[in-house]
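*Asks:* Just passing along the structure, written as structure tokens.
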Amino acid sequence: MPTESKTKKATAAKKTATKTVEKTDFDKKILFATSEAVPYIKTGGLADVAGALPKALNDRGIDCRVILPLYMDIKQELREGMEFVGNIYIHLSWRYQYCGLFKSVYDGVTYYFIDNEFYFKRSGLYGYFDDGERFAFFAKAILESIKLMDGFVPDIIHSNDWQTALVPVFLDVFFREDERYRNIKTVYTIHNIEFQGRYTGYMSGDVLGLPDWAREFVDYSGDVNYMKGGIERANKVTTVSQTYAREILNSYFGYGMNDILVNRQYKLSGIINGIDVKSNDPKTDKNAYVNYDLATFDKKVENKLAFQDALGLPVDANIPMIGMVGRLTHQKGLDLIAPIITRILDMGVQLVILGTGDYKYEEMLRNIQSRYPNNLRSLITFSSDLASKIYCSSDMFLMPSKFEPCGLSQMIAMRYGTLPIVRETGGLKDNVIPYDYTTGQGTGFTFYSYNAYDLLNAIERAVGMYRDYKEDWFKIVNNAMKQDFSWENISLRYIDLYKQL
Ligand code: ADP
């Protein structure tokens, strides 16, 4: 029987043997500042990025650590590995607040946690009347707590979204005179431009404690705007796809930040997100009825048959199934689907939609389902199990977003050989290649205008090809399933960006 140490050695050897990620010669230290990170706490895509990118950078030999608030909702089992590093007091204008620092290592990545019960011992993450003060405190605490980090002084601080947008502002205003902070460079990434951290102008002095000369950094028509501060003071600004980086320069997509971004365009770029290719794999997905990969693609249809049965839909391998997973909001293109949904269903397809969101869309789906019980299933809930079943079982995946900074679902769908039908915007444009039958290239079906009939036409093309041109269909499936959406690859683009600093 193997001893425990032998087993450990064998596991370690196996890990080394499978690790093929090439190390980089880039040796700068990075502190990744975020308001959420997988596996500790998550409300959206930012948490996925914060869980995956630092890990991918560490795998390449870079010392990238993550810092986030110690929220009450972080589960006990994840708190167990945390060690207390030290504490310090923080000035926030006239306030003088306690700041504890905890540390934990997860999957090879060091995570720091800012502890302050007044601000973070509450359920949930956001939505409190004093969010502006809570995250101003967090930004200041990130910078102050570097003094406690046992000699870890980052060369680069990478902050994200409005919650940590003040880091580059505070760094320039309050910390540059200290030798340790003099050469720190900053990157600021916009994951969602809709949420900017906009508050009444009096906060500039009363909460942020900014001297008069620095208030213009965050001033936005008399208000305080945290995102503006991040854009103004960071050395580099990025967003999560190249197309979105261009789109947010105009007012349709820019939510009022477009003019500011146009002025700072010289330092703006877009880097598409990746997905976790281990947990999003049809070959190992535990929620699939039957696992498959490209070599065993003919097994995919067994998922459809089982899912049709489970949903009480007619069970027939020849009926095209179109899946959709996402928030039911205007962003995800529900206003395009609504006027043509009966025409989609009249094509004899099965449409399975999973998501929660605005009441009017939920009601619309319930209503149409009662008229088309054999063609529509609306699953108004949040369920990773059902999401997997949709990715495994559907033939096509619908994502006609009005805007989409990056989008993860289309990448997951392609990985599952479920061909995406998307609008050409943001990350959807960047990673779904429209199929061209003359060259055999492409990974899905796209349309450009925010127009319901153009969407209908794209669906008709997809369904037509599925029914009548199976050879082409499998060519696209083949192209889609071979795409590399791994963070391992994308981390190289961030390293290039960091090198420019
Ligand atoms: P968002 O704009 O919401 O961040 P993304 O496409 O970037 O959209 O990411 C959404 C992620 O959340 C995907 O992994 C998707 O599968 C998942 N998801 C969205 N809605 C649901 C739901 N109702 N149930 C399960 N998973 C969901």
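No lab work stands behind these numbers, since they all come straight from the coordinates. These figures come from a predicted structure and were not determined experimentally. Counting neighbours? That spans all protein chains shown, and the Cβs are built from the backbone with ideal geometry, glycine included.
*Asks:* With θ set to phi - 60°, apply the Karplus curve 6.51 cos²θ - 1.76 cosθ + 1.60 along the range 183-199 and write out the HN-Hα couplings as whole Hz, x wherever there is a Gly or Pro.
*Replies:* Once rounded to whole Hz, the list reads 9, 5, 9, 10, 10, 10, 10, 9, 9, 8, 6, 5, 9, 10, x, 10, 9.
*Asks:* Additional query: Based on alpha-carbon centroids, what's the gap between the range 424-475 and the range 68-90 in Å, whole number please?
*Replies:* The range 424-475 and the range 68-90 have Cα centres separated by 47 Å.
*Asks:* Using Cα centres only, tell me the gap between the range 192-246 and the range 256-321 in whole Å.
*Replies:* Between the Cα centres of the range 192-246 and the range 256-321 lies a distance of 34 Å.
*Asks:* Let's test this: bin the Cα-Cα distances of the chain at 10 Å from zero up to the farthest pair and state each bin's percent.
*Replies:* Reading the bins upward from 0: 4, 18, 27, 24, 17, 8, 2, 0.
*Asks:* Using only alpha-carbon positions, what ratio does the radius of gyration of the range 81-205 give when scaled by 2.2 N^0.38 Å? Let's see the in-between values first.
*Replies:* Numbers: Rg = 14.6 Å, N = 125, 2.2 N^0.38 = 13.8 Å.
Output field value: 1.06.
*Asks:* Another question, if that's okay. Which residues among the range 292-333 fall inside the zone where the amide N is under 20 Å from a point 7 Å beyond the Cα of Asp468, along Cα→Cβ?
*Replies:* Once the point is set 7 Å along Cα→Cβ of Asp468, 318-322 turn out to lie under 20 Å by backbone N, inside the range 292-333.
*Asks:* Starting from the 7 Å offset along Cα-to-Cβ, what nm value, one decimal, do you get for the label separation of Thr329 and Glu80?
*Replies:* Inter-label distance under the simple model: 3.6 nm.
*Asks:* Moving to a separate point now. Cα-based Rg of the range 439-501 per 2.2 N^0.38 Å, rounded to two decimals?
*Replies:* 1.61
*Asks:* Under 20 Å between alpha carbons, and skipping anything fewer than 8 positions from Lys402 in its own chain: which lysines qualify?
*Replies:* Lys332, Lys360, Lys429
*Asks:* How do Lys267, Lys389 rank when sorted from fewest to most other Cβ atoms within 10 Å of their own Cβ?
*Replies:* On the way: Lys267 15, Lys389 26.
If I rank by nearby Cβ atoms, fewest first, I get Lys267, Lys389.
*Asks:* Between Lys121 and Tyr252, how high is the FRET efficiency from 1/(1 + (r/R0)^6) when r is the Cβ-Cβ distance and R₀ = 56 Å? Nearest 0.05.
*Replies:* Numbers: r = 41 Å, r/R0 = 0.72.
Calculated value: 0.85.
*Asks:* Taking amide H positions as placed 1.01 Å from N in the peptide plane, with prolines and chain starts having none, which residues 5 or more places from His158, or on another chain, fall under 5 Å of its amide H?
*Replies:* Close amide H contacts, sequence-distant or interchain: Leu31, Phe32, Ala33, Val187.
*Asks:* So how do 57-69, 286-298 stack up, highest first, on mean other-Cβ count within 10 Å? Could you put the intermediate results ahead of the total?
*Replies:* On the way: 57-69: 21.8, 286-298: 14.8.
So the order, starting with the most tightly packed, is 57-69, 286-298.
*Asks:* Counting other C-beta atoms within 10 Å, which of Tyr89, Tyr111 has the fewest, and how do the rest follow? Don't skip to the end; give the middle numbers.
*Replies:* Numbers: Tyr89 10, Tyr111 25.
Listing Tyr89, Tyr111 from fewest to most nearby Cβ atoms yields Tyr89, Tyr111.
*Asks:* Please work out the FRET efficiency for the pair Trp213 and Lys278, using the Cβ-Cβ distance as r and a Förster radius of 45 Å; give the result to the nearest 0.05. All intermediate terms of the calculation are to be shown ahead of the outcome.
*Replies:* Numbers: r = 49 Å, r/R0 = 1.09.
Step by step, r from the Cβ atoms, then E = 0.35.
*Asks:* With each label point set 7 Å from Cα along the Cα-Cβ vector, what nm distance links Asp484 and Tyr266?
*Replies:* Label-label distance for Asp484 and Tyr266, simple model: 3.4 nm.
*Asks:* Taking only C-alpha pairs under 8 Å that are 6+ residues apart, what is the relative contact order of the range 67-130 in percent?
*Replies:* Working: 92 pairs, mean separation 25.4, N = 64.
It rounds to 40 percent for the range 67-130.
*Asks:* Give me the percent relative contact order of the range 225-372, please, defined on Cα pairs under 8 angstrom at least 6 residues apart. Please list the in-between numbers first.
*Replies:* On the way: 138 pairs, mean separation 21.2, N = 148.
Value for the range 225-372: 14 percent.
*Asks:* Report ³J(HN,Hα) in whole Hz for each residue of the range 85-96, in order, from the Karplus equation J = 6.51 cos²θ - 1.76 cosθ + 1.60 where θ = phi - 60°; Gly and Pro get x.
*Replies:* 9, x, 9, 7, 10, 10, 8, 10, 6, 7, 7, 9
*Asks:* Do the sum for the chain: with -39,500 (n - 2.57) for every DSSP H run of n ≥ 4, divided by all residues, what is the mean residue ellipticity at 222 nm, to the nearest 500 deg cm²/dmol? Please report the intermediate quantities before stating the final value.
*Replies:* On the way: 20 runs with 188 residues, N = 501.
Result for the chain, helices only: -11000 deg cm²/dmol.
*Asks:* Still on this structure, please answer the following. With r defined as the distance between the Cβ atoms of Phe195 and Thr356 and R0 fixed at 25 Å, what FRET efficiency is calculated, to the nearest 0.05?
*Replies:* On the way: r = 19 Å, r/R0 = 0.75.
Here the calculated transfer efficiency is 0.85.
*Asks:* Using θ = phi - 60° and the Karplus form 6.51 cos²θ - 1.76 cosθ + 1.60, what ³J(HN,Hα) does each residue of the range 261-271 get, whole Hz, x for Gly and Pro?
*Replies:* 5, 4, 5, 10, 4, 4, 10, 9, 8, x, 10
*Asks:* What lysines sit close enough to Lys300 to cross-link, taking a C-alpha to C-alpha distance under 24 Å and skipping anything fewer than 8 places away on the same chain?
*Replies:* Lys278, Lys283, Lys286, Lys389, Lys470, Lys475, Lys482
*Asks:* Hey, which aspartates and glutamates would be in cross-link range of Lys103, C-alpha to C-alpha under 14 Å, not counting anything within fewer than 8 residues on its own chain?
*Replies:* List returned: Glu80, Glu83, Asp115, Asp150.
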